[in-house]
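> Here's a structure for you.
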Amino acid sequence: MNKDLVGQIAVVTGAARGIGQAIAVALASRGAKIFANTPVTQLSCTETIQACRNAGGDAEEIVFDVSDSAAVDGGFEAIAAKAGKIDILVNNAGISRDGLLIRFKDEDWKRTLAVNLDGAFYCVRAASKVMIKARYGRIVNIASVVGQMGNAGQVAYVSSKSALIGLTKTVARELASRNITANAIAPGFIETDMTLALDEKVRAEHMKGIPLGRYGQAAEVASLVSFLVGPDSAYITGQVVGINGGMYM
Ligand code: NAI
């Protein structure tokens, strides 16, 4: 196994399950020490931490809700105090509240934007203060193919993911002179608890739009993140990298 992240400190938000867990494990297996984030009210990262250790790495839990600015600042200060630096930030935490536009509730709009967009902004702001001092950093934001294409019934989710792409490009331009890269990943349908719970008919409908004819795996998304935070991608910044089986080209 490639150990090109030995000695690096990585923060992965929303790491208790799904894609975030796979990312944490992939980075740990390459030698990074992981701070696996989860919000207070939800899942613990015990399983993720164990999986990181089984993969030959190290991890610990850091609890904060990404939509809470003060809690995010406190969390990143605690990580910096303990680890002395932050090399890698992966903004993975996300929620989806779906519904048709004309019936969409203010509270669902606000909560989706608060987690998916405000959360990423708070984390990037807090982490970049530490990265700027070290003149090194790798930031990856998990957007979505629907942030590139639009999607009926997902007005808040799509808006948050499109905006996350704009945030990524701006961060990339602003921090490039400090040797900090920022890229977004736009996954298509990935097999997680969320997509496995879908009705067979819905899944069959999805397949029609995916040239490769299958959902992606969380581990495949994690491999892409590993590349974007590793030494071989030093000249890649401000990009949106699709991982979608060809459903958007
Ligand atoms: P998931 O629902 O399994 O995982 C989301 C994680 O975010 C959970 O661990 C949850 O605890 C955490 N989270 C939620 N609210 C939070 C908050 N306020 N603060 C901190 N953590 C919070 O979903 P999945 O599928 O693993 O998605 C991960 C990311 O990938 C999300 O940003 C999602 O939008 C994105 N994505 C997923 C796709 C899929 O097909 N599964 C496709 C495209 C993008």
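> Step by step: first the residues of the range 143-156, then only those that are part of a helix (DSSP H, G or I) and of a type in the set (A, V, I, L, M, F, W, C), then the one that is nearest to SER96 (Cα to Cα). Which residue is that?
In this case the residue turns out to be ALA156.
> Of the residues that make up the range 154-175, is at least one surrounded by fewer than 16 Cβ atoms within 10 Å (Cβ to Cβ), small (Gly, Ala, Ser), farther than 18 Å from ILE243 by Cβ and at pLDDT 95 or above?
Scanning the range 154-175, I find at least one residue that is surrounded by fewer than 16 Cβ atoms within 10 Å (Cβ to Cβ), small (Gly, Ala, Ser), farther than 18 Å from ILE243 by Cβ and at pLDDT 95 or above, so the answer is yes.
> Look at the range 82-119 and say how many of its residues are in contact (Cβ under 8 Å) with a residue 60 or more places away in the chain, within 14 Å of the ligand (Cβ to nearest atom) and in contact with a strand residue (DSSP E or B) (Cβ under 8 Å, 6 or more places away or on another chain).
Number satisfying all stated conditions: 8.
> While we're looking at this one, here's another question. Within the range 2-18, how many residues turn out to be aliphatic (A, V, I, L, M) and within 18 Å of GLN50 (Cβ to Cβ)? Give the steps one after another, and end with the answer.
Of the residues in the range 2-18, the ones aliphatic (A, V, I, L, M) are 5-6, 9-12, 15-16.
From the residues that got through so far, the ones that are within 18 Å of GLN50 (Cβ to Cβ) too are 10, 12, 15-16.
Final tally of qualifying residues: 4.
> Tell me, yes or no, whether the range 128-136 has at least one residue that is modelled with pLDDT of 95 or more, within 13 Å of the ligand (Cβ to nearest atom), closer than 19 Å to VAL171 by Cβ and surrounded by fewer than 20 Cβ atoms within 10 Å (Cβ to Cβ).
no
> Which of the helices (runs of 4 or more DSSP H) contained wholly in the range 157-249 include at least 3 residues that are without any contact (Cβ under 8 Å) to a residue 24 or more places away in the chain?
Fully inside the range 157-249 and qualifying: 200-208.
> Just to be sure I understand, how many residues within the range 1-25 are closer than 23 Å to GLU77 by Cα and either more than 11 Å from the ligand (Cβ to nearest atom) or crowded, with 24+ Cβ neighbours inside 10 Å (or both)?
15
> Which of the residues spanning the range 76-95 are surrounded by fewer than 17 Cβ atoms within 10 Å (Cβ to Cβ) and among the small types (Gly, Ala, Ser)?
The answer is ALA78, ALA81, GLY84.
> Answer yes or no as to whether VAL140 is in a helix (DSSP H, G or I) and among the β-branched types (Val, Ile, Thr).
No: the conditions fail for VAL140.
> Just need a number here: residues in the range 26-46 that are more than 18 Å from CYS123 (Cα to Cα), within 13 Å of the ligand (Cβ to nearest atom) and either surrounded by fewer than 14 Cβ atoms within 10 Å (Cβ to Cβ) or touching a residue at least 60 places away in the same chain (Cβ under 8 Å) (or both).
Selection size over the range 26-46: 4.
> Consider the range 64-75. How many of its residues are more than 13 Å from the ligand (Cβ to nearest atom) and either under 14 Å from ALA36 (Cβ atoms) or surrounded by fewer than 16 Cβ atoms within 10 Å (Cβ to Cβ) (or both)?
2
The values are calculated or read from the model by the stated rules, or taken from the named source; none is laboratory data. Computed from a predicted model, the values in this text were never measured in an experiment. We place every Cβ from the backbone using ideal geometry, glycine too, and count neighbours over all the protein chains shown.
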